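Below is one structure, written out as structure tokens, with a few remarks after it.
The values are calculated or read from the model by the stated rules, or taken from the named source; none is laboratory data. Computed from a predicted model, the values in this text were never measured in an experiment. Don't worry about glycine lacking a Cβ; one is built from the backbone with ideal geometry, like all the others, and counts go over all protein chains shown.
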């Protein structure tokens, strides 16, 4: 190839590349000029790309992480929850404003802003969501009644059948008469009663905290009613009063399974005592979804009990997973409930083992929540109320074993 041919070929390649570059540039310009016709997903992708570029490839993420770490350090700097809450000036202003509003004292501009978020004067005060997260109580949670045999009830009383024997089948010769069989058993009566709780609250307080305080009040009322139903299911002794409602719980209506002599407290119980409880119930219970029901403080002591090989009889949820259970004892799930007996002394029930279906929990009406500003109108208060219509009956005493500490 001579010099002239070489120059011609090089110039031709440059011209071709220039044409291709022009074509690409033209396509890009067309896309950008027609961006208004792109779908929303593509637009969002372009916007995200721009944001990443402007934040230097994740600067915003790093800044958010730093902010989160600083917040954690700020929270951990105060062991006292009140000091931790008030360390934030905005929250401190909110707290002062709530007290002043409840006392019907005038609020300054800063306090109004702390409550409403904006000093617009249009009302509708709202508690910031982060403030709602600061509401904390040191109370037990209730609602374990649903771990028993819950059934809907259509009337005030319900007859619950209790089958004690099924028909017997026999081998029959060809053409021979089949021996007659029958289902035998008895029945128990479940009576529905009403459990209710209510509280009055100053309207001024609700108006200044209606985003979080009112729902919290409702939760407290629900817990009050749930506790009463839990008590009826687990610890009620049959007394016809406002505490027991004439109901008998499984920690009273089951079959006693006494611990060995000398095992007078939870700490002195041993592996054999729990085996005794399992052996006390009907054999059919062991084929079903049997459970343990235990008070949290009692369970904390049970976890220290070991078998003859030095292994804890309690296995946590990681070692023995079970839906809705904190762990298991001898292979059966454990349900913790604050309504179970917790007295740790001689001759006391410390745990119940059995079949959930052995106790009927009839619910005539699900939990109802109501509020009214008419009652105590002259006090400028709103009344909150929770009600449940339900009943409890132990179908069979031998469906439950009450592990009881020794008398001496």
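Computed values, structure above
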{"read-out": "Every residue from the range 334-349 that is in a strand (DSSP E or B) and more than 11 Å from residue 296 (Cβ to Cβ)", "value": "349"}
{"read-out": "Test: residue in the range 303-314 that is surrounded by 14 or more Cβ atoms within 10 Å (Cβ to Cβ) and closer than 17 Å to residue 236 by Cβ", "value": "no"}
{"read-out": "The range 315-331, residues that are surrounded by fewer than 20 Cβ atoms within 10 Å (Cβ to Cβ) and assigned to a strand (DSSP E or B)", "value": "315, 316"}
{"read-out": "Residue selected from the range 286-295 under the condition touching a residue at least 60 places away in the same chain (Cβ under 8 Å) and in a strand (DSSP E or B), by the criterion surrounded by the most Cβ atoms within 10 Å (Cβ to Cβ)", "value": "292"}
{"read-out": "Selection status of residue 376, out of contact with any helix residue (DSSP H, G or I) (no Cβ under 7 Å at 6 or more places or on another chain), touching a residue at least 12 places away in the same chain (Cβ under 8 Å) and on the phi > 0 side of the Ramachandran plot", "value": "yes"}
{"read-out": "Scope the range 237-256; condition surrounded by 15 or more Cβ atoms within 10 Å (Cβ to Cβ) and either assigned to a helix (DSSP H, G or I) or out of contact with any strand residue (DSSP E or B) (no Cβ under 8 Å at 6 or more places or on another chain) (or both); matching residues", "value": "250, 251, 252, 253"}
{"read-out": "Selected residue (only one of 298, 352 is assigned by TED's automatic domain parsing to the domain that holds residue 271, closer than 27 Å to residue 248 by Cβ and part of a strand (DSSP E or B))", "value": "352"}
{"read-out": "The listed residue being assigned by TED's automatic domain parsing to the domain that holds residue 202 and at pLDDT 95 or above, out of 369, 403", "value": "403"}
{"read-out": "Criterion (within 27 Å of residue 227 (Cβ to Cβ) and under 30 Å from the mean Cα position of the chain (by Cα)) met by exactly one of 321, 312, 333", "value": "333"}
{"read-out": "Residue 362 being over 22 Å from the mean Cα position of the chain (by Cα) and either part of a strand (DSSP E or B) or surrounded by fewer than 17 Cβ atoms within 10 Å (Cβ to Cβ) (or both)", "value": "no"}
{"read-out": "Residue within the range 263-281 that is in contact with a strand residue (DSSP E or B) (Cβ under 6 Å, 6 or more places away or on another chain) and modelled with pLDDT under 90 present", "value": "no"}
{"read-out": "Within the range 336-356, tally of residues that are touching a helix residue (DSSP H, G or I) at 6+ places or on another chain (Cβ under 6 Å) and surrounded by fewer than 20 Cβ atoms within 10 Å (Cβ to Cβ)", "value": "2"}
